[in-house]
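The values are calculated or read from the model by the stated rules, or taken from the named source; none is laboratory data. Not measured: the values here are computed from a predicted model. Ideal geometry is used to build each Cβ from the backbone, glycine not excepted, and the neighbour counts take in all protein chains shown. To get the accessible areas, we keep the full protein, side chains included, count just its heavy atoms, and leave off ligands, DNA and RNA. Shrake-Rupley method; radii C 1.70, N 1.55, O 1.52, S 1.80 Å.
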Protein chains: 4
Amino acid sequence: MPDRKLTRDDLRKAAETYKNWGKWGADDEIGTLNYTAPEDIVAAARLVRKGKVISLALNFDQFGPQGAKTAYPVPGRINPVHVMLRTGCDAYSGVLDKRGIRAADDMVTMALQCGTQWDGLGHVFYENSMWNGYDCREVTSFGAQKCGIEKTKNKMVGRGVFLDVARALGREELDDGYPITNADLDKTAKANGVTVKRGDYVIVRTGQMERCLRNKSWDGYPGGDAPGLAFETLEWIQRNEIAAIATDTWGNEVRPNETEPGINQPWHWITIPMMGLTMGEIFYLKELAEDCAQDQTYEFMFVGPAIPITGAVGSPVNPLAIK
Amino acid sequence: MPDRKLTRDDLRKAAETYKNWGKWGADDEIGTLNYTAPEDIVAAARLVRKGKVISLALNFDQFGPQGAKTAYPVPGRINPVHVMLRTGCDAYSGVLDKRGIRAADDMVTMALQCGTQWDGLGHVFYENSMWNGYDCREVTSFGAQKCGIEKTKNKMVGRGVFLDVARALGREELDDGYPITNADLDKTAKANGVTVKRGDYVIVRTGQMERCLRNKSWDGYPGGDAPGLAFETLEWIQRNEIAAIATDTWGNEVRPNETEPGINQPWHWITIPMMGLTMGEIFYLKELAEDCAQDQTYEFMFVGPAIPITGAVGSPVNPLAIK
Amino acid sequence: MPDRKLTRDDLRKAAETYKNWGKWGADDEIGTLNYTAPEDIVAAARLVRKGKVISLALNFDQFGPQGAKTAYPVPGRINPVHVMLRTGCDAYSGVLDKRGIRAADDMVTMALQCGTQWDGLGHVFYENSMWNGYDCREVTSFGAQKCGIEKTKNKMVGRGVFLDVARALGREELDDGYPITNADLDKTAKANGVTVKRGDYVIVRTGQMERCLRNKSWDGYPGGDAPGLAFETLEWIQRNEIAAIATDTWGNEVRPNETEPGINQPWHWITIPMMGLTMGEIFYLKELAEDCAQDQTYEFMFVGPAIPITGAVGSPVNPLAIK
Amino acid sequence: MPDRKLTRDDLRKAAETYKNWGKWGADDEIGTLNYTAPEDIVAAARLVRKGKVISLALNFDQFGPQGAKTAYPVPGRINPVHVMLRTGCDAYSGVLDKRGIRAADDMVTMALQCGTQWDGLGHVFYENSMWNGYDCREVTSFGAQKCGIEKTKNKMVGRGVFLDVARALGREELDDGYPITNADLDKTAKANGVTVKRGDYVIVRTGQMERCLRNKSWDGYPGGDAPGLAFETLEWIQRNEIAAIATDTWGNEVRPNETEPGINQPWHWITIPMMGLTMGEIFYLKELAEDCAQDQTYEFMFVGPAIPITGAVGSPVNPLAIK
C-alpha cells in the first residue's frame, strides 16, 4: 500500500489484480459464494457442539440506523415502516368476525439495505461493469436482470469465522478512521485460535455498533467516519478465498476512505464488481463476541439466507451463528 | 372427530384440550419453539451429510400468489413491490459520479404473509386472547407488543422432517378439499422412513403449489379450496410436541374447512393462540421432494430464520433444508 | 374560558355545546362542509379579479416536517418516499426501447397527514364516537367505513378568508404557546377588512412555519409547542358557521394545550367528532400573506380538493387561493 | 395524415413540426400551461353560474384500473394500497388513551399514474430529450431534476371545455380502436356550442371508462385497445394553443396505435417532450357528461391542482369542473 491517498489509477490496478471474472464460468452470478464446497458445509455442521443459536441481526424497526445524522445521506434508505393490515384491536372491536376468523396481518416498506443486510453482486459497479463483466445496464429500474439476490437463495451456509479485531487489539471498540490491516486480521485470527479457510464466512468486529447502541444514537453511523477494512485487505480476501465477509459497521471499509477526493468506498469498487464478493453489513455482533470470549471458540456453522426478492441488489437478513 | 360439521362448541372444547398457556412460563412469547432443545440442534446438525442446501422459498416478486382469483381476499395482501432507489442505468448515465461511487440500491413494499412465510404467534386470536393468554389488544396498529416475530430471532433451527403425503398416498398432488388425517401423517412418516420427534420442524407436502406452478396460475390458491391438515391433526401435533409445521399451501389446513358456516380456518383458531404453534405457509417443496425421493432421506437440518421485524405478526422467510 | 387548566369535564360540556350531530341528517358524512351553498361558490368565483393562483402547499418530499425532533412523535408519519419506477436514465441506457416508448413512472409512499393536508372527519374520535354519532369502530384497519375523505370529493370550494393574525398583532410570527383568541380573530378580520361568513374557508396565519423554513429546521414543529387557536375559538367557529379552518402549524391549536395532563389536542376532540369541522394543517402561507399585504384583499376563491382515497382519514392537498 | 402506418420518420417530422422548445424561455419547465393568462383565469371564474362542483376523479383504491388484464403491463403501476396507522378500533380498545387523544391516521403507497392523474412533463422522452430540450438524464432514480410536477403547483386553473365526442357522434361510447380526428373534435365543439380558445383545459369523453364501470371490469383498460385521439390531433392541439388535454381513457391516444410495430404511444412521443403539453388521463366524466347534457353548458371553471411531489413525473389529481 502506498503511503499516500489512493487514486483512480490505483483502483484501476486493483481492479485488474483482483478480477475474478470468468473464474466460475461466463454465466456465473454469485461470485465467491462458489468457494464454499459441499464438504465445507458438512464440516461446518460438525462445528455445532452446544446447540446454541446466536442471531447477528438488529431488529428491523424505526429505531434502526437510517435517518441518523450523516454527511453522506443515501437517498431513499429509510428505516422499515411496519404497518398493520388487521389487528387484535380490530378483533376486540368485533369488526373481523364477519370474516370468520380473528387474525392480524401486516406489511412492511423497507430499504433493502436499511439494517442487517447482504450487499448483492448487483449493488456496486466498476465503471460500466458489474460482477463477471456484465453490463451495468443489467440493473435497471425493473431490478437486477443479472446477479439478483435471489440467485443466492441456496447459499449463505458454511463455516463462520469470527475475527474480533477490537478485542484482539485490546480495545472495547476501534476508533473511527482506524484501518484494519492484513496484519490485524492475521493477528486476530491467531489470538482467536482460528485459521481462515477457503469458502469461509468471515465476520469482523470493530465494536462501533455497540458504541452507538450504548449511546442510544446512530448519528454518524450511516455514512460517517468508521473503523473498517483497509484497502489492502483486498489482497488478504483474495488470497484466503473466502465466500463472504461481514462487519458491524455501515459499510465495512474504513472511513474516511484512503482515497483522493471524489472516490467513495474504494474497497467496494473492487470487492463486489471485480472479485464477486458478497458482503454483509450492519451485523450485530455483541452477543457473538461475548459467547466466543466465553467459550473461546471462534468458529461455528453460519447460516444467513437472503430473502430471495427477485432482482434485488441487497437483502435484509437474520444471520445465525450456530455453535 | 365427529362425522358432522364442526361447531363453535367443538372449537371451544379443542381450545381447552390443546391449550398450552403457561407451559413455558407466564412470560413466554414463542410457544412450541421451546420444544427444540440445544441437543436437538446438535443432533440436527449431524444430519448434514452431503452438504446440499435446498431453499424452500418461492422468489418474492409480482408473480407470487397474491392477487390471484379467490373467494376470500385478504385486504392488503399484495405481492412484493420491489423498486430501485438507484440503478446501473443511473451509473451508465453518469448521474451517480458526483457521489463518488456507482452503486444501486432498492426498496420493497410487501405484505409479510405474501409468500413463503412464518405465521407469528400474534397472527391469530381465539376470542379476545392470543398465545399464552395475552389480551388480543396487545396487537395494535403499532404492532404486536407481545409475541412479535422478532422474539423468534434465534429460533427456527432444528431437525427438519419432510412428510411427502402426496407421494406416500401415490398421488402427484392431493385433491382440493382432501383432509390429511393423523393416519395419513403416520403412514407417510413410515413410508418415508422417519419418526417424528419432540422439537422437530415438520414439513408437509400436498403438491398443490406445484400444480399452480405447472399451470402458471395461482387462481384459487390464496384462500381457495385446498388439500390440507384435518382438524384432528391438532391431536397429532400436540402429542408429537413438534416445534413448527409448514406446508406448500396458502393456509395449511384443508379447505373448504370442516366447520359450520361462519367459522373460517378452525385449525388456526387453535394452533396459534391456544397451542402456541408457529406455522409456515407457501413453502416451495418441489426440489426437496425430488431430493428426498432420490436419496430416501427425509430428515435434515432445518434453518429458517424469520426477519426480526419488531412487532410483526409474520415474516417472509427463505427456509433451508440442509442435507 | 376558565382561568385554569381544562378538565375532561370541561371537554364534556364543550362536546355537548358544540355538537352538530344530525344537523345535516343522520347519514351525513361531511359536516360543516355543508355550510357552503351553491350561491356561495358563485360569489366566491366573483372574487377572482386578477387571475393569480397562489398555492398553499409545501412540496411533498423528504425535506418535509416529519422526522424532526419532537416530544410527541406520531408513529408511522413519515415524509413522502418518492421512488421512480422507470427513469430517463433507463431511457438513455436504451433499456426501455423494447417497450416502444421512452417513459418514466413513479410511486410514492406517504403518510396522508405528512404535509399540507386535510384532516378528514374520521381522524379524531370523542370517546367511542366519530362525527355525527357514528361508532368509532367504523374506522377499522380496512379504512373509514364512514366519513372517508372521498366523501368530500366535490367539496373544498368556496370563499377563502385569510386572517393574518401574526401581522395584525404586529408580529413576524406568534410565539410558541400563544393562544389565538376570539378577540384576536375578530381584530384580525377587522384589520384585514374582511367579514367572516357562513360557509367560508378560513385560513389563519401564525408565522410559525416561516420561522422553520428560515431556520431550515423543522425541529419542534410536528407535535411541539406552537402558537394556535385557543379552546375558546370553538365558540367563534360555531357561531360563524364556517366550512373549514386551516393554519400554518402542525395541529392548528395552541401547544402546550390548555388542558390538564393526559388530555392532548382538546380542541380537536370537539372540532372533528362533535362539530364535524374539516381542518387543514401545515398550510404554506408565506406567499399568500405577501400578496394580501400588497393588494389588501384578504378574500378570494378557495379550491383545495382532497385526493379521494377511499376510506382515508386525511389527504394531502394542494390548496389554491385564486385571486 | 398518410393512409399507412406511421414510421419513425413520420414521428421525427412531427417532432420538428410541433416543437415548442424555447417558446417560453430556455428555463421553462411547464410548457403549454403557460398559455393560460391571468385574464383567462378571471374569465374562467365568470363561468361559475350555478355553484355546482363536479369531481372528475375516480376514487383511489384497490378497485382502480391497475392490475387488470392487459397485453401491455406497466411494471410497478399498482393500485393504491391504503393502510391505517391508527384506527377507531384502537380507540375503542383503549390503546390510544395513553396518547391523550383518540385519533386515526393513515398512509398510502401508490403509483402516481395509477388512477385519475396528470402526466408531468418528465413522463415521456423523445430520444434523449425531454421537454424544452433538457437531457433525459435529468430524470434519474432521484426524481425529475427538471419539469417535476411540483413546478405546476400554481397552475391547472383555467377555462374547462368539455368535448363529449361519444355523444356528439351519437354513441354511448366510442369503439376501441376508434381514432378521434380533428374533424370529430371540431364537430363536437360545434355540437356542444363551444369554441376552444388559447389556454383552455380541454376534456374529451370517449365513454370507454363508463363501459368498464358498467361491466365492473377493467380488463383491457390499462394498456389495451381504446378509442382515443388520432395522431393528427397534434395539429389541432398546436393550432388551438390549449393548456392541457384530458380524457377518460388510460392513455388518451387511440390504441392500437397508428404506427408500425415497435412504436408505442406515438402521440405521447410528441405531446409531452416536444410540445410541452400536460395531459390528464383516467378522468371520470360520467357526471360531467350528464350535467352538460342537461344544462347544455360545456364550458366551466376548471381547477385540478397536482399534488406537488418534488421530482414527480405525474400526480394523482381530483380535478374539479366548477359550473
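Here is how the numbers come out for the structure above:
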{"read-out": "Region B:241-306-region D:212-285 distance, computed between alpha-carbon centres (Å)", "value": "49"}
{"read-out": "Sum of side-chain charges, B:Arg205 neighbourhood, beta-carbon under 10 Å (Lys, Arg +1; Asp, Glu -1)", "value": "-2"}
{"read-out": "FRET efficiency estimate (nearest 0.05) - Cβ-Cβ, D:Phe63 to D:Asp186, R0 41 angstrom", "value": "0.65"}
{"read-out": "Charge sum, other residues only, whose C-beta stays under 15 Å from A:Val165's C-beta, Lys/Arg counted +1 and Asp/Glu -1", "value": "-4"}
{"read-out": "Average silhouette area of region C:166-323, convex hull of alpha-carbon atoms, in square nanometres", "value": "9.6"}
{"read-out": "Reachable lysines, given that their alpha-carbon falls under 21 Å from the alpha-carbon of C:Lys23 and they are not under 8 places away in the same chain", "value": "C:Lys13, C:Lys146, C:Lys151, C:Lys153, C:Lys155, C:Lys197"}
{"read-out": "Crossing angle, helix A:286-295 versus chain A [Cα axis fit, 0-90 degrees, rounded to tens]", "value": "70"}
{"read-out": "Accessible surface of chain A, 1.4 Å probe, proportion on carbon and sulfur as whole %", "value": "48"}
{"read-out": "Cα-based equivalent ellipsoid of chain B: semi-axis lengths in Å, sorted from largest, via gyration tensor", "value": "31, 24, 22"}
{"read-out": "Global size of region A:47-146 as Cα Rg and Dmax, reported in angstrom", "value": "20.3, 58"}
{"read-out": "Extent along principal axes [Cα atoms of the protein assembly as shown; Å; largest to smallest]", "value": "84, 70, 62"}
{"read-out": "Amide proton proximity set for B:Arg255, modelled H, under 5 Å, gap of 5+", "value": "B:Gly177, B:Ala226, B:Gly228"}
{"read-out": "Long-range amide H partners of D:Phe300 with built H, under 5 Å", "value": "D:Gly160"}
{"read-out": "Calculated [θ] (222 nm, deg cm²/dmol) that DSSP helices of n ≥ 4 give over chain D, each run adding -39,500 (n - 2.57)", "value": "-5500 deg cm²/dmol"}
{"read-out": "Size of charge dipole - the protein assembly as shown - debye, nearest 20, with Cβ of Lys, Arg +1 and Asp, Glu -1, no other charges", "value": "0"}
{"read-out": "Sequence-separation-based contact order of region A:40-168, relative, with Cα cut under 8 Å and 6+ spacing, percent", "value": "24"}
{"read-out": "Helix C:8-17 axis, angle to chain C major axis (alpha carbon atoms, nearest 10°)", "value": "90"}
{"read-out": "Point-charge dipole on Cβ atoms (K/R +1, D/E -1) for chain D, about Cα centre, debye to 20", "value": "660"}
{"read-out": "Where B meets A: accessible area buried, both sides, 1.4 Å probe, Å²", "value": "7200"}
{"read-out": "Across the identical copies, how the D:Leu213 labels are spaced - nm, sorted shortest first, 7 Å along Cα→Cβ", "value": "3.8, 4.4, 5.6"}
{"read-out": "Accessible area (Å², 1.4 Å probe, nearest 10) - B:Lys69", "value": "130"}
{"read-out": "Cα-centred dipole magnitude for region A:1-121, charges only on beta-carbon of K, R (+1) and D, E (-1), debye, nearest 20", "value": "380"}
{"read-out": "Label point 7 Å beyond Cα along the C-beta direction, distances from B:Pro256 to other copies (nm, shortest first)", "value": "4.6, 6.3, 7.4"}
{"read-out": "D:Glu173 long-range amide H proximity, modeled H, under 5 Å", "value": "none"}
{"read-out": "Shielding by partners, peptide D:144-151 (average Cβ within 10 angstrom, other chains)", "value": "3"}
{"read-out": "Nearest 10 degrees, 0 to 90: helix D:182-192 Cα axis against chain D principal axis", "value": "60"}
{"read-out": "Any cysteine of chain D lacking a neighbouring Cys Cβ under 4.7 Å - listed by number", "value": "D:Cys114, D:Cys136, D:Cys147, D:Cys212, D:Cys292"}
{"read-out": "For chain C: relative contact order, % (alpha-carbon pairs under 8 angstrom, 6 or more apart)", "value": "31"}
{"read-out": "Centroid-to-centroid separation of region D:17-63 and region B:1-35 [C-alpha atoms, Å]", "value": "63"}
{"read-out": "Gaussian network model of chain C, Cα within-10 Å springs - most flexible of C:Ala230, C:Ala43, C:Ala166", "value": "C:Ala43"}
{"read-out": "Cross-link partners of B:Lys190 among lysines (Cα-Cα below 26 Å; sequence separation of 8 or more within a chain)", "value": "B:Lys50, B:Lys52, B:Lys286, B:Lys323"}
{"read-out": "Solvent-free Debye scattering, log10 I(q)/I(0), computed from the Cα coordinates of region D:1-115 at q = 0.10, 0.11, 0.19 Å⁻¹", "value": "-0.75, -0.86, -1.07"}
{"read-out": "Inter-copy separations for D:Glu287, label at 7 Å along Cα-Cβ, nm, ascending", "value": "2.8, 5.4, 5.6"}
{"read-out": "In Å, descending, principal axis extents of the Cα set of region A:108-156", "value": "31, 24, 17"}
{"read-out": "Distribution of pairwise C-alpha distances over region D:132-225, 5 Å bins, in %", "value": "2, 11, 15, 14, 13, 15, 17, 10, 3, 0"}
{"read-out": "Listed residues D:Gly22, D:Ala37, D:Ala68: farthest to the positive end of the dipole of region D:7-72 (Cβ charges)", "value": "D:Ala68"}
{"read-out": "Karplus-derived 3J(HN,Hα), 6.51/-1.76/1.60, for each residue of region C:53-70, Hz, glycine and proline x", "value": "10, 10, 7, 9, 9, 6, 5, 9, 6, 6, 9, x, x, 6, x, 6, 5, 7"}
{"read-out": "Accessible area per residue, Å², region A:29-174 with all protein chains present, probe 1.4 Å", "value": "29"}
